[in-house]
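Chemist: Before I ask anything, let me first share the structure, which is written out below as structure tokens.
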Amino acid sequence: MPLFKKNTARPPYFITVVLLLVLFFARTEMSAQTAKEKPSVVNFTCVSWDKLSYDELYYRQGKEYIPLEVIPYRRSTAYKVKGMSHLELFIKGVDAKGKPNYQLVGQAAMLPDTRRMLFFLVERPDQPEMPIQIVGMDDSLKAFPRGAFRFFNMSNAALTIGFGDQIELIPARATRMLEPEIEANGSFIPFIVANDENEKIYETRLIGQTTGRMMVFIMPPTASYDRVSVKFISQTVPRKRQVDDE
């Protein structure tokens with residue numbers, strides 16, 4: 001039996017992705033559902049899995065609504081909230097009397113004991129009361145240091161990755177963080193994904209930088225593609241920016 005099978009009855013791809021994110025993150029340290037305490041200040045960035053249908057998006061800081069720019073598959077500019085237990089996202093709208101207001105479209109709890117978070121946004125038209133699903137993860141340098149790579153197996157089967165001279169088995173919907181040796185000016189690192197029959201199903205080279213870090217998402221097949229696809233989200237964290245979450 002093949003490792004992956006086409007499934008033309010799958011729900012739309014973005015819904016598949018968000019369901020996998022919620023299931024996957026619930027099994028790791030990442031969760032958007034609970035928070036026992038709220039940090040005084042949280043620095044955060046956002047990334048979307050697709051272009052959102054909203055031209056303008058805002059997050060709430062106290063009584064102020066601050067514009068938020070979200071770019072698909074790229075980290076947003078760093079934003080800051082203080083004394084908030086949740087990230088709350090809004091769009092402009094009108095109330096029942098026709099007066100302008102802000103309408104809540106998504107929210108997620110701040111994780112305790114971290115001052116830096118990354119939020120994944122996925123639009124859910126099938127959930128009109130809260131159409132943006134938000135999943136947050138600890139984005140501190142303690143959890144995800146410079147020079148590291150975080151590999152997320154979002155598929156429904158265990159996969160083996162070869163990364164430089166390291167070989168790791170990653171169970172279904174699990175993660176591994178690897179810190180390869182990187183030259184001062186950067187390194188090209190071979191990256192291979194193999195299935196449980198040791199068949200190569202993906203291959204490329206990743207750029208490693210001592211001041212960078214990269215998330216690598218191994219995505220499940222779509223209805224039109226039998227093999228895994230891989231998506232990357234990278235970030236450069238200069239040494240001169242000594243953040244207080246280290």
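Chemist: Filter the range 215-246 down to residues that are open to solvent by 80 Å² or more (accessible area, probe 1.4 Å) and more than 21 Å from the chain's Cα centre (by Cα) and give me whichever is modelled with the highest pLDDT.
Modeler: Top of the filtered list is Arg227.
Chemist: Additional query: Of the numbered conditions (1) open to solvent by 40 Å² or more (accessible area, probe 1.4 Å); (2) farther than 17 Å from Trp49 by Cβ; (3) in a loop (DSSP other than H, G, I, E, B), Thr204 fails exactly one; give the number of that condition.
Modeler: (3)
Chemist: Going by what's in this entry, would Phe25 be described as modelled with pLDDT of 95 or more, open to solvent by less than 30 Å² (accessible area, probe 1.4 Å) and not basic (Lys, Arg)? Spell out the reasoning first.
Modeler: Numbers: modelled with pLDDT of 95 or more: no; open to solvent by less than 30 Å² (accessible area, probe 1.4 Å): yes; not basic (Lys, Arg): yes.
Here the answer is no, as Phe25 does not meet what is asked.
Chemist: Give me the residue from the range 167-185 that is in contact with a Lys or Arg (Cβ under 9 Å, 6 or more places away or on another chain) and in a strand (DSSP E or B) and, out of that set, modelled with the lowest pLDDT.
Modeler: Thr175
Chemist: Could you check Ile71 against (1) modelled with pLDDT under 95; (2) more than 30 Å from Val237 (Cβ to Cβ); (3) of a type in the set (Val, Ile, Thr) and say which number it fails?
Modeler: Evaluating Ile71 over (1) modelled with pLDDT under 95; (2) more than 30 Å from Val237 (Cβ to Cβ); (3) of a type in the set (Val, Ile, Thr) leaves (2) as the failure.
Chemist: If you take just the strands (runs of 3 or more DSSP E) that sit entirely in the range 60-166, which of them hold at least 1 residues that are within 30 Å of Ser229 (Cβ to Cβ) and open to solvent by 30 Å² or more (accessible area, probe 1.4 Å)?
Modeler: Details: elements: 64-67, 79-82, 86-94, 100-109, 116-123, 132-138, 149-153, 159-163.
Because the criterion is at least 1 residues that are within 30 Å of Ser229 (Cβ to Cβ) and open to solvent by 30 Å² or more (accessible area, probe 1.4 Å), the strands (runs of 3 or more DSSP E) in the range 60-166 that meet it are 79-82, 100-109, 116-123, 132-138, 159-163.
Chemist: Okay, next question. Spot the failing condition for Phe188; the list is (1) touching a Phe, Trp or Tyr at 6+ places or on another chain (Cβ under 7 Å); (2) at pLDDT 95 or above, and only one is missed.
Modeler: Status for Phe188: all satisfied but (1).
The values are calculated or read from the model by the stated rules, or taken from the named source; none is laboratory data. Not measured: the values here are computed from a predicted model. Here Cβ is always computed from backbone atoms with ideal geometry, including for glycine, and neighbour counts include all displayed protein chains. We work out accessible area using only protein heavy atoms, side chains counted, and drop any ligands, DNA or RNA first. Shrake-Rupley method; radii C 1.70, N 1.55, O 1.52, S 1.80 Å.
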